[in-house]
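A quick write-up on the structure given underneath.
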Amino acid sequence: MECVKCSVCHRKFDDTTLLSLHNEYEICFDINSSSLPEANFSCPLCNKIFYDPLVLQIHVNEVHDQVSVQTSESQPPPTTAVATSDSLYAQDLERRERMKRQYEQQATSEISVEQWQEDEDAHIARMLQEEENAQSFEEFQNRHGGSRRTFAERARWNLDNIYKKKSISQAKYEEYKMKLDEMIAQPIERTESRSTDIIPMISKLPMGNILDRRLCRPGCDHISATWLDQGWACGYKNFQMLLSSLRYDPQYSMHLFGHDVSNQVNRDIPSVSFLQKLIETAWTAGFDSDGRQQFNNHLVNSTKWIGPTEIMACLAHLNIKTELFDFHQPKNIEKSIAYRYLFEWVRKYFQQQQEENKNNNIIHPLYLQHEGHSRTIIGYEQFRDGNIRLLIFDPSTPKYNVEKFCKNPYSEAHIFRRNLHSFQKPVYQILAVRGVLQSDEIEASKRVRSIKVPLPSAR
């Protein structure tokens, strides 16, 4: 049988299927190059070794991502609602019962993580990640948003945790402890969580087997969770990422920031606590009353999760129009490729936005929600064989990883790339910004609605 060869790295494969898998999942490099990638990527959860970091990412998403939110097969998948706070946000009692059952199953399991010599920020991020070793149900609840602790209480718990693990000095611990309430109350997001100018760097990555790459523009900051809000604030972080893009758009900047986009001085992003106040203000004005009731009319200084509907209400109160789209997992298509239609929808979104915004050259990212987590879609890459890979900013990606990308974009780009096979949840939602609300649209926008994207037919 005649072998087929990769045109980039010249590796040989027995058939075209293996070549296609190589093109889609592996970093392609010239074998004659003097600087080859390290063939030693270890999974931090099960210690399996992988040759390629992207394959490792797929492994983590497929194998380990399911553990934290999986339900029994007898339970129906969560359904999306029209006028609830978040159709992917389970009711408290249901979620707590599910967490209790899962905790009982996992209480005796332990995860060993190799200790790395890292700088202080990296070490803090890793120590917080080791909450996965929680030995009490209270800690387990904290990981999954079930805790009733306030913002300040959870931040203090995080601070105590990293201090006990010697991730920070006693002097720094005392300083943070003294300033904790002040840090939480700050209306502006801390620079420790923000990474700027990432989009231009991604746009300059080698194309290789990639036929087309589209990105939001002119920019979107990556905003990571820190010890101050670790474990529950992903919705806020993705809201901040969206705002960091909207600030560049003349039609939104005045509504959101109170100044024209030409003002290059003020590039501040609202903090989590300030966003909580904005959402409550929107509720008071009558936006998403049903969602408000689900939160017992209170969000400020809490660690309650938010989702796309809270963001919709907040933006609508600021005269920004949004649309929320539901993507259900098709039952008649192989699970590993079930969400191909979602990837196609994202591709069409970025292509249409590029066509419609030729004059101002502005394309905004998409807010992506699924059970247990949310992320920000900043673009996509399409391979020559037609397969699509999404480009995603994840708030759970530590800032030190983003800084590693800035130093070595080619070898670290995998932290932003997500493959079709990593999408395994029962339901996904995508929030898109659609312009400014007209006066006759404001009243209708007070009730949150979602649009179910038609399922693809079996092929």
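Every number here is computed from the coordinates shown, using simple stated rules; none is lab data. These numbers come from a predicted model, not from an experiment. So basically every Cβ, Gly included, is an ideal-geometry build from the backbone, and we count neighbours across all protein chains shown.
At-a-glance table
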item: Pairwise FRET efficiency - Met207 versus Arg11, Cβ, R0 = 25 Å, nearest 0.05; result: 0.85
item: Centre separation in Å (Cα based) which lies between the stretch 428-459 and the stretch 211-232; result: 23
item: Nonlocal amide H pairs with Leu437, under 5 Å, H built at 1.01 Å; result: Ile320, Lys321
item: Length released on extending from Leu455 to Arg190, taking residue separation times 0.36 nm less the Cα-Cα span; result: 91.3 nm
item: Ordering of 323-329, 198-204 by burial proxy (mean other Cβ atoms within 10 Å per residue, highest first); result: 323-329, 198-204
item: Alpha-carbon centroid distance for the pair the stretch 293-344 / the stretch 356-395, whole angstrom; result: 15
item: Table column - 3J(HN,Hα) (Hz), the stretch 352-359, Karplus curve with 6.51, -1.76, 1.60, x for Gly and Pro; result: 5, 4, 5, 5, 6, 10, 4, 6
item: Local electrostatic count at Pro395 - Lys and Arg +1, Asp and Glu -1, tallied over other residues with Cβ under 10 Å; result: 0
item: Net charge of Cβ neighbours under 9 Å - reference Ser224; Lys, Arg +1; Asp, Glu -1; result: +1
item: Spacing of the two label points (7 Å from each Cα toward its C-beta) at Gln251 and Arg384, in nm; result: 3.8
